[in-house]
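The values are calculated or read from the model by the stated rules, or taken from the named source; none is laboratory data. What you see is a predicted model; the values in this text were computed from it and never measured. A quick note on method: Cβ atoms are made from the backbone with ideal geometry, for glycine too, and the neighbour counts reach across all protein chains shown.
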Amino acid sequence: MDAIVKNFPAAGQEQVKDKAQQPVRPTQQEAEEAVRTLLRWAGDDPAREGLLDTPTRVAKAYRELFAGYEQSYQEVLGRTFEEMSGFDDIVLVRDIPFFSHCEHHMLPIKGMATVAYLPNGPVLGLSKIARVIEIFGRRLQTQENMTAQIANAIQDTLKPRGVAVLIEAEHMCMEMRGVQKQGSRTLTTTFTGEFKTNATEQARFFTLARNR
Ligand SMILES: [Zn+2]
């Protein structure tokens, strides 16, 4: 296993795109025509029987795989949170599986995210963390940006004492083409607040995240 561990920008430095800024969508017909072009580019004949419905299916699959462009973390996380008086220790959700697509080749990324935060009063419903990962996963991504976006979204809305995000993922663009490093995984982390400034909290995060 090849592991690359990097640190990425903390909250505030990464601008998370709002869905309102999205460009105008092409029509379904235009999207299907583009798929036919790519089929010809691959060397096949879009008119052969097995491929006749493929453009429609691909256009439909894209709406699902990239549904994250139509959602915002502000809507999912909201602005009001459950108060949990007295609980201020680390909350950690480990190994949440996700799929995404790399913005360089539009090929799949398959990974696991581990997210932790140090509450500052309110806490998040655990399913909301998974939904935030899904919003950012269902967009074209770099693993680095996705890691920072998840951390910043939680930091921005919940305003905890700190957020830690660790993503471990396999990139099909690396496994299927180019260098063909099968089974290699990329690790990325983003820390905000106390996870960034307090080495003990950061070490505790890694211990909890990697202890299987
Ligand atoms: Zn790629």
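When residue 139 is tested against the conditions (1) at pLDDT 95 or above; (2) more than 11 Å from the chain's Cα centre (by Cα); (3) of a type outside the set (Ser, Thr, Tyr), the lone failure is (2). For segment 100-157, filtering for residues that are among the basic types (Lys, Arg) and within 16 Å of the ligand (Cβ to nearest atom) leaves 2.
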